[in-house]
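Quick note: the coordinates plus some simple rules give every number you see, no bench work behind them. Just so it is clear, the structure is predicted and the values come from calculations on it, not from any experiment. Don't worry about glycine lacking a Cβ; one is built from the backbone with ideal geometry, like all the others, and counts go over all protein chains shown.
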């Protein structure tokens, strides 16, 4: 399955990387932390790790460490605007439970 | 679910722990708030998509307040309760302001002590400039929190480079009142230079030309090792973009033979003049058509050339402060490595051309000059909030001279070495010098030299209530802490009893650059002498301590010695005392060693005596168990 980006999200990521001036892609993962067990990690990637799984979506390279993949396999990343705020939204089919704000989750 | 932002590699935050930080340009005319999101510094807009918040506050009644555009638009309805350009009053007393009749406000004729801040009487009661500024900051804070979806951990707020301590403190107070945690105050020209990434570039001298709505500032900065230092500032507090509008306005009056317009028509014409000015930035000519309240129609075409000619002397007026700033910095035009343009009025091509000609180089204009200060402040805030990796850390402020304290023998023990980045904290343990010592005097000094007498004394305080112990048994932890604003606090704590004392000092206060330079030069020049002086003082201290210990021992247990042995020790004590007059550290060291050697068997005898004293009166069975 893998991970995908919506077109809007991809456009923003490309724009951010271009303005930042460096970066080979976007690193997505999960960490065991937070009020409901797991939390997302979303970072710029400057180097490819040896174990990294790579996915291409709408022209953006997505890097995922193999341990994180089972928790987020099939996920789609979207970019949304809510009032004055804007940012990335994770549509993760593996999530069974999440905390009120959705920043941490359980599978 | 929450909306996430992309972090720098390895800098993902735990859920609900986002380190949201903003940069705020608290301007005289307009204020802005910016943040670093997804790695990019961006200005945050309000619901209407406006980045700039006019720095205008109108008090409607005791509860209701208008801030920004609305307050500005309705200013003429209630001038006494509508406060604009409050930044000019920050940290100022009535005496600083001069002719108060220029302002439509009711200044409070306080019998407050001299130097107190001005206050204005409004429908909502007496308001200080701090309170008025806090309203602007509250508005920006609310905008930022709505945009970032969480509470802010802190803000960097910019201030003019020439702001003094009182004005900076007033700005901090306003932020606190608005519920903002001030990570740091940042000089406006420095913020602009950071926005252009000059701090990552080559070292050198930069000029920041800031032509705002109503003020002009020129600052000369030097970047060395990632730190911006303001070398000089100059300017004209009554020159800005509004004066250019006024020139067009006067031209319109003249062209149409108009005189003395009502306030409404004046406002209308000024607005048109401003629009024309903005058009002329990109177009060769601008057409101005207005219908006045009396029905007269104005229809004129203003060419770029004509506008440049009528505003030429305004542009020229910025050159004199530039020359003065360079002269104060002791520099020439060719020493300047780059020029940064700040303020909306620097969009005008004639301004850019004049500045370019003056410095003989093309000024940096690719960032929005209205936003550049806020953008730089946001980058700094992001850094201070800890959202960037260690290796990305750039020095911004350093301690110019080492900070330390006086130890026995008048030696300076450095706790924080010079060029440490601030904020910083260091701790070290010290002990007592004499038996039964119950107080310790802590003398805080600044400088690179080894002897306290060659350093600058900053503060003295005493730690009292140390429980009586033998010399060297007390553990006194002294902590030096320098906050981001250069404020040093020194705390001493006896670890056993917990007694504590502390003091706050401002280390750089009153030290000019040349004094710092002199102190640094001397430290290099006298390095060798200092080393010898230190060695000597250390030996002297040790000698004093040894003599005292031996004399105490002789007084207590002198009966343990045979006459010859006793005489030998007394002789060695005398020799050591004589050597103390010498300035030869090696000689002194030899005398110390001799005395130590002479007392070996005495020390042994005393040890035996104290053991037998400890055993005396003990039950025999206890001794057996132990053996």
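Short-range pairs are left out: with C-alpha atoms under 8 Å and at least six residues apart, the relative contact order of chain B is 11 percent.
When restricted to Cα atoms, the range B:241-314 yields an Rg and a Dmax of 11.6, 34 Å, respectively. Antiparallel beta bridges, as assigned by DSSP with both residues in the range B:72-217, represent about 60 percent of the total such bridges. The spacing between the range B:307-372 and the range B:418-468, judged by their C-alpha centroids, is 49 Å. For residue B:522 and residue B:165, the difference between the fully extended length at 0.36 nm per residue and the C-alpha to C-alpha distance is 125.6 nm. Each principal axis of the Cα cloud of the range B:527-613 was taken in turn, and the coordinate range along them, longest first, works out to 51, 24, 17 Å.
In plain terms, if you count all Cα to Cα distances in the range B:66-146 and split them into 5 Å steps from zero, the share in each step is 3, 14, 24, 25, 17, 10, 5, 2, 0 percent.
Between residue B:73 and residue B:555, the modelled label-to-label distance comes to 8.8 nm, taking each label 7 Å out from Cα in the direction of the beta carbon. As an equivalent ellipsoid, the protein assembly as shown spans semi-axes of 63, 37, 25 angstrom, where each value is the square root of five times an eigenvalue of the C-alpha gyration tensor, largest first.
Any idea what diffusion coefficient the range B:1-78 gets from Stokes-Einstein, in µm²/s, Kirkwood Rh on alpha carbon pairs, 10 °C, 1.306 mPa s? This corresponds to a translational diffusion coefficient of 105 µm²/s. Between residue B:99 and residue B:361, the FRET efficiency estimated from the beta carbon spacing at R0 = 51 angstrom works out to 0.80.
For chain B, dividing the convex hull volume of the Cα atoms by the residue count gives 246 Å³ per residue. Extension gain for residue B:610-residue B:309 works out to 98.4 nm (0.36 nm per residue, less the C-alpha to C-alpha distance).
If you run the Gaussian network model on chain A, springs between alpha carbon atoms under 10 Å, then out of A:80, A:54, A:14 the most flexible one is A:80. Cβ-Cβ distance of residue A:96 and residue A:67, R₀ of 22 Å, FRET efficiency by 1/(1 + (r/R0)^6): the value works out to about 0.70. Taking a ≥ b ≥ c as the square roots of the Cα gyration tensor eigenvalues, chain A comes out oblate, since a/c reaches at least 1.5 and a/b does not exceed b/c. Taken as Cα centroids, the range B:525-575 and the range A:1-69 sit 70 Å apart, rounded to the nearest whole angstrom.
In chain B, the longest principal axis of the Cα atoms and the axis of helix B:527-557 are about 40 degrees apart. To test your reading of the geometry: what angle, between 0 and 90 degrees and rounded to tens, separates the Cα axis of helix B:513-525 from the longest principal axis of chain B? Tilt relative to chain B: about 30 degrees.
Across the range B:1-71, the mean sequence separation of Cα contacts (distance under 8 Å, 6 or more residues apart), normalised by length, yields a relative contact order of 21 percent. Subtracting the Cα-Cα distance of residue B:574 and residue B:317 from 0.36 nm times their residue separation leaves 84.7 nm of extension gain. For the range B:306-351, the Kirkwood hydrodynamic radius from C-alpha pairs, put into Stokes-Einstein at 10 °C and a viscosity of 1.306 mPa s, yields a diffusion coefficient of 130 µm² per second. Among B:495, B:469, B:519, the ranking by other beta carbons within 10 Å of each residue's beta carbon, starting with the fewest, stands as B:495, B:469, B:519. Along each principal axis, taking the top coordinate minus the bottom one, the Cα set of the range B:399-510 gives 38, 26, 19 Å in descending order. The share of C-alpha pairs in the range B:273-402 whose separation exceeds 21 Å stands at 61 percent. The modelled label-to-label distance for the pair residue B:541/residue B:296, using points 7 Å beyond Cα in the direction of Cβ, is 8.5 nm.
Overall, the ratio between the Cα radius of gyration of the range B:201-263 and 2.2 N^0.38 Å, rounded to two decimals, is 1.78.
The range B:12-54 has equivalent-ellipsoid semi-axes of 24, 11, 9 Å, by the square roots of 5 times the alpha carbon gyration tensor eigenvalues, sorted largest first.
Taking the Cα atoms only, what angle lies between the long axis of helix B:600-615 and the longest principal axis of chain B, rounded to 10 degrees? The two axes meet at around 90 degrees. Average 1/r across all pairs of distinct alpha carbons in the range B:128-239, invert it, and you get the Kirkwood radius: 15.4 Å.
Here the range B:1-149 is treated as an ellipsoid with the same Cα gyration tensor; its semi-axes, largest first and in whole Å, are 36, 17, 13.
Taking every C-alpha pair closer than 8 Å and separated by at least 6 residues, the mean separation divided by the residue count of the range B:32-100 gives a relative contact order of 21 percent.
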